[in-house]
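Peer 1: Got a structure for you, questions after.
The values are calculated or read from the model by the stated rules, or taken from the named source; none is laboratory data. Keep in mind that what you see is a predicted model, and the values were worked out from it rather than measured. Here Cβ is always computed from backbone atoms with ideal geometry, including for glycine, and neighbour counts include all displayed protein chains.
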Amino acid sequence: MATTAPAPATAPEAGRRSPSSSRSRRTHRRDRPRRSLLLTVLMAVVLVYALVPLVWLVVNATKTQSDLFTSFGLWFSGDVNLLDNVSRTLTYDDGVFGRWFANTLLYVVAGAGGATALAVLGGYGLAKFDFPGKRGVFAVVIGAVAVPGTALAVPTFLMFSQLGITNTPLSVIIPSLISPFGLYLMWTFASEAIPTELMEAARVDGAGELRTFVQVCLPLLAPGIVTVLLFTVVATWNNYFLPLIMLRDPDWYPLTLGLNAWNAQAATAGGEAIFDLVITGSLLTIVPLVAAFLLLQRFWQSGLAAGGVKE
C-alpha cells in the first residue's frame, strides 16, 4: 500500500520554535556557571600571593648558607642540600629542635585538644538546651570572639605570675583551652546538624543524656569537630606572643620561639648565623599542618559549609 510523504513545513512553521524547546534552552543557559574575567584575575592574584612564600621556603631550604645570598631566591642553586640541611637542623645544638617540636606537640594536644572538647560540649549544650540567661551567654561569646588574644596576654601573665605558674607549660596550655570562635562555630553547627526529633526518639527509647550525646549526636558533629580542631591546632601551633611573654626557659620553647631564637643569633656578639637552618626548620614546621589539612579536607570543608544553606 502506497504511503504519502508528509508535506514540507511552510516557512513560518519552520521558523517557529516550540515553547518547550525555548524553555529548555533558557534553563540550560541559567544552569551554566557564569565566567567573570575580573574574578578569575583576582583569584590568580590571591593564588600567587599564597603560594609564592611557600615556593620560596621550599626552594631556599635546598641551599647552603652561602647560596642563600648569591642565588636567585625563587630558583634552585647548583647543589641540592635539602637532606643535609634537615640532618643539621635536627642535630644542631644537641638536637634542641626535637625538644621544641615535642613542646609544640604538647601544647597542641593539651591546649587545642582541650579547647575542641570544651567547644563541642559547650556548643552542644547551648544549641540543644534552653536555660535562663542563654541570650546573655550568646552576647558574651560574640563579644569574646571580637577580642584579640594579644589584648589578654598581659593581664593573663600578671595573674599567672601571682599564681606562680609562669615559665611552665601550664602558662601556655591553660589560655589555649579557651576558644570563643570554636564555641560559636560548634553552637551554630550543632543547631543545624542535630535534629531535635532524633534526640527525642533516643530519649523515648530509654537512652540517657550521656548516651544520646555519645551515640547519637557525636557522630553527626564529626565535620564540625574536625573544623574546630583544625582551627585551634593552627592557632596553637603558630602561637608566638603568648609563649614569648610566659616562657623564659628555652627548654620549654615551642617551635615559633625556638626558630626566632636561632634567627636572632646572627645579631648577637659572637653569634653564629644559621639562616639555612632557620629556613629548613620553618619548612619542617609547616609540614604537619599541611598534612593535617590535606588528610582532613573533606571533613573541614563540609563543616565550614554547614548551616550556609537551609532547606
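Peer 1: When residues of segment 56-112 are filtered for being among the aliphatic types (A, V, I, L, M), within 21 Å of the chain's Cα centre (by Cα) and within 17 Å of THR256 (Cα to Cα), how many remain?
Peer 2: Adding up the residues that qualify gives 7.
Peer 1: Would segment 242-261 turn up any residue that is free of Cβ contacts under 8 Å to residues at least 40 places away in the same chain, surrounded by fewer than 21 Cβ atoms within 10 Å (Cβ to Cβ) and among the hydrophobic types (A, V, I, L, M, F, W, C)?
Peer 2: Yes, segment 242-261 contains a residue that is free of Cβ contacts under 8 Å to residues at least 40 places away in the same chain, surrounded by fewer than 21 Cβ atoms within 10 Å (Cβ to Cβ) and among the hydrophobic types (A, V, I, L, M, F, W, C).
Peer 1: Name the residue, out of LEU242, LEU229, LEU247, that is more than 22 Å from LEU259 (Cβ to Cβ) and either touching a Lys or Arg at 6+ places or on another chain (Cβ under 6 Å) or among the hydrophobic types (A, V, I, L, M, F, W, C) (or both).
Peer 2: LEU229 is the lone residue from the list that is more than 22 Å from LEU259 (Cβ to Cβ) and either touching a Lys or Arg at 6+ places or on another chain (Cβ under 6 Å) or among the hydrophobic types (A, V, I, L, M, F, W, C) (or both).
Peer 1: Against the conditions (1) more than 25 Å from TYR253 (Cα to Cα); (2) assigned to a helix (DSSP H, G or I), where does PHE97 fall short? Just the number, please.
Peer 2: (1)
Peer 1: Is it fair to say ILE178 is at negative phi, modelled with pLDDT under 95, β-branched (Val, Ile, Thr) and assigned to a loop (DSSP other than H, G, I, E, B)? Don't jump to the end; show me each part of the working.
Peer 2: Values: at negative phi: yes; modelled with pLDDT under 95: yes; β-branched (Val, Ile, Thr): yes; assigned to a loop (DSSP other than H, G, I, E, B): yes.
For ILE178, the condition - at negative phi, modelled with pLDDT under 95, β-branched (Val, Ile, Thr) and assigned to a loop (DSSP other than H, G, I, E, B) - is met.
Peer 1: Does segment 117-137 hold any residues that are without any contact (Cβ under 8 Å) to a residue 40 or more places away in the chain and either surrounded by 15 or more Cβ atoms within 10 Å (Cβ to Cβ) or not basic (Lys, Arg) (or both), and which are they?
Peer 2: Across segment 117-137, the qualifying residues are ALA117, LEU121, GLY125, PHE129, ASP130, PHE131, PRO132, GLY133, GLY136, VAL137.
Peer 1: Is segment 94-113 home to any residue that is of a type in the set (Asp, Glu) and under 22 Å from THR285 (Cα atoms)?
Peer 2: The answer is yes; a qualifying residue exists.
Peer 1: For the subset of segment 192-219 comprising residues that are buried (at least 16 other Cβ atoms within 10 Å of the Cβ) and either among the hydrophobic types (A, V, I, L, M, F, W, C) or under 17 Å from THR116 (Cα atoms) (or both), which member is nearest to the chain's Cα centre (by Cα)?
Peer 2: ALA193
Peer 1: Can you name the condition, by its number, that ASP276 falls short on among (1) modelled with pLDDT of 90 or more; (2) assigned to a helix (DSSP H, G or I); (3) closer than 24 Å to TYR107 by Cβ; (4) touching a Ser or Thr at 6+ places or on another chain (Cβ under 9 Å)?
Peer 2: It is condition (3) that ASP276 fails.
Peer 1: Let me ask something additional. Please verify whether LEU38 is free of Cβ contacts under 8 Å to residues at least 60 places away in the same chain and surrounded by fewer than 16 Cβ atoms within 10 Å (Cβ to Cβ), treating the condition exactly as stated.
Peer 2: yes
Peer 1: Now for a different question. Checking the conditions here, which among ARG35, ARG135 is charged (D, E, K, R) and assigned to a helix (DSSP H, G or I)?
Peer 2: ARG135
Peer 1: Of the residues that sit in segment 184-234 and are hydrophobic (A, V, I, L, M, F, W, C) and part of a loop (DSSP other than H, G, I, E, B), which one is farthest from LEU296 (Cα to Cα)?
Peer 2: Among residues in segment 184-234 that are hydrophobic (A, V, I, L, M, F, W, C) and part of a loop (DSSP other than H, G, I, E, B), the one farthest from LEU296 (Cα to Cα) is ALA207.
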